[in-house]
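All remarks here apply to the structure that follows.
The values are calculated or read from the model by the stated rules, or taken from the named source; none is laboratory data. A quick note: this is a predicted structure, and the numbers were derived from the prediction, not measured. Backbone-built Cβ (ideal geometry, glycine too); neighbour counts: all protein chains shown.
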Amino acid sequence: MQQNDNMTTTIAQIQKTSGMIPYISPVSGRPLSCNEKYWQTDDGSERYEIINGIVRFVPSDNYAEAFGLQWNTYKKIQLDSYTGKNYSAERLQRCLGFPLENLRGLTVLEAGCGPGRFTELLVKYGALTHSFDLSHAVDANMENIGRRENYQIAQADIYAIPYPDEAFDVVCCLGVIQHTPDPEKTIASLWKKVKPGGWLVIDHYRWRWAYYSTLKPLYRFVLVRLKPALAKRIIDALVDFFFPIQWHVRRWRALHQFINRFSPLIVHYYDFPGHTRELYHEWAKMDTMDSTTDRYKHLRTKEQIRHTLAQLGGSEIWVQEGGNGIEARAKKPITSVLYQHQ
């Protein structure tokens, strides 16, 4: 209890002294203060429990349960600090449109932080980093990042973000929007948190017929309906069966593509060469779980993403194919009137 008390006191002190933006109630918008067990309103009528040092604005049982299991199993293998490569840094810098060194001192909201592949970069380069995720991936995130003066993390809903509107220089959401119930509503929710003159930075799966030309949607149809722990055991068995076959024929691309039509696996040895067989095997388990247990999977075209950002009033809109599919950003004009999603 004493350890938890000291930690929550530290969080409160950091918010007051380091420029971090304080939490508000995601229900009423009222300010919250911290004690040893809760973040709560002054009268105690709204309380949000602190578990393992992280405030929980949502119940543990939600549609992102499989992601929580996934990211607490594969905590580090996407992190640049683990792979020794700059995959995440290159992707983040490309999406931001400016050098990572320019993050220093900016208030950044990171939505859907997962175990921290981008969090560690935001923190490293001095952004005032406010991360959250709907799932228990927040536990892996805190384990990877530790306690830092320019970092705070919460378990929260992207449709009820516990921060004031128009508060952030950058709102960043990578690898997430396609997995939410309504991508357009999600983008609008994120847009509300961007301050005038600030940037919304997102990506999204791209619409493509090739996805439906394989058996992958059929695997997903079955696995997404199972309890995450059972689905993971089945996925691990499928990867252990298919991966040696696909690894063996990887030099014959046509044969590999033929086998891939029947396999559920997501493999990365073509996209990210130069790693060990063991790492590719673990990546296959991680991303095959990611692609077959996501409750929601939406696909969008570049034109649809551009249209959504334009409807919100975004300026200097940039959209391109890359990364997970489509990468985009938009600036909120200084004269922006806060968008109210209908």
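Test I235 against the criterion of being among the β-branched types (V, I, T), touching a residue at least 24 places away in the same chain (Cβ under 8 Å) and not assigned by TED's automatic domain parsing to the domain that holds T186, and give yes or no. In short, yes. On the stretch given as the range 262-293, residues that are touching a Lys or Arg at 6+ places or on another chain (Cβ under 8 Å), under 16 Å from Q70 (Cα atoms) and not small (G, A, S) total 3. In the range 176-196, the condition of being of a type in the set (F, W, Y) and under 27 Å from P59 (Cβ atoms) is met by at least one residue.
The residues of the range 170-219 that are within 21 Å of L121 (Cβ to Cβ) and in contact with a Ser or Thr (Cβ under 7 Å, 6 or more places away or on another chain) amount to a single one, I177. Hey, among the residues in the range 150-185 that are of a type in the set (F, W, Y) and farther than 22 Å from R91 by Cα, which one's nearest to the chain's Cα centre (by Cα)? Here the answer is Y159. For first residues located in the range 19-42 and more than 15 Å from A156 (Cα to Cα), partners that are among the small types (G, A, S) and at pLDDT 95 or above and lie 6+ apart or on another chain with Cβ distances below 7 Å form the pairs I21/A167; T41/S25. Number of residues in the range 59-92 that are within 16 Å of the chain's Cα centre (by Cα), part of a loop (DSSP other than H, G, I, E, B) and under 30 Å from E36 (Cβ atoms) equals 3. Enumerate the helices (runs of 4 or more DSSP H) found wholly within the range 206-261, keeping only those where 3 or more residues are of a type in the set (S, T, Y), loosely packed, with under 12 Cβ neighbours inside 10 Å and in contact with a strand residue (DSSP E or B) (Cβ under 9 Å, 6 or more places away or on another chain). In the range 206-261, there are no helices (runs of 4 or more DSSP H) which contain 3 or more residues that are of a type in the set (S, T, Y), loosely packed, with under 12 Cβ neighbours inside 10 Å and in contact with a strand residue (DSSP E or B) (Cβ under 9 Å, 6 or more places away or on another chain).
When restricted to residues that are touching a His at 6+ places or on another chain (Cβ under 9 Å), among the aliphatic types (A, V, I, L, M) and surrounded by fewer than 21 Cβ atoms within 10 Å (Cβ to Cβ), the range 286-311 contains 1. Considered as a group, the residues in the range 26-58 that are charged (D, E, K, R) and in a loop (DSSP other than H, G, I, E, B) include one that is modelled with the lowest pLDDT, and that residue is E36.
What number of residues in the range 63-90 are within 12 Å of P228 (Cβ to Cβ) and either at pLDDT 95 or above or not hydroxyl-bearing (S, T, Y) (or both)?
Residues flagged as within 12 Å of P228 (Cβ to Cβ) and either at pLDDT 95 or above or not hydroxyl-bearing (S, T, Y) (or both) within the range 63-90 amount to 9.
All of D182, D203, D157, D165 fail the test of being of a type in the set (D, E) and over 25 Å from A310 (Cβ atoms), apart from D157.
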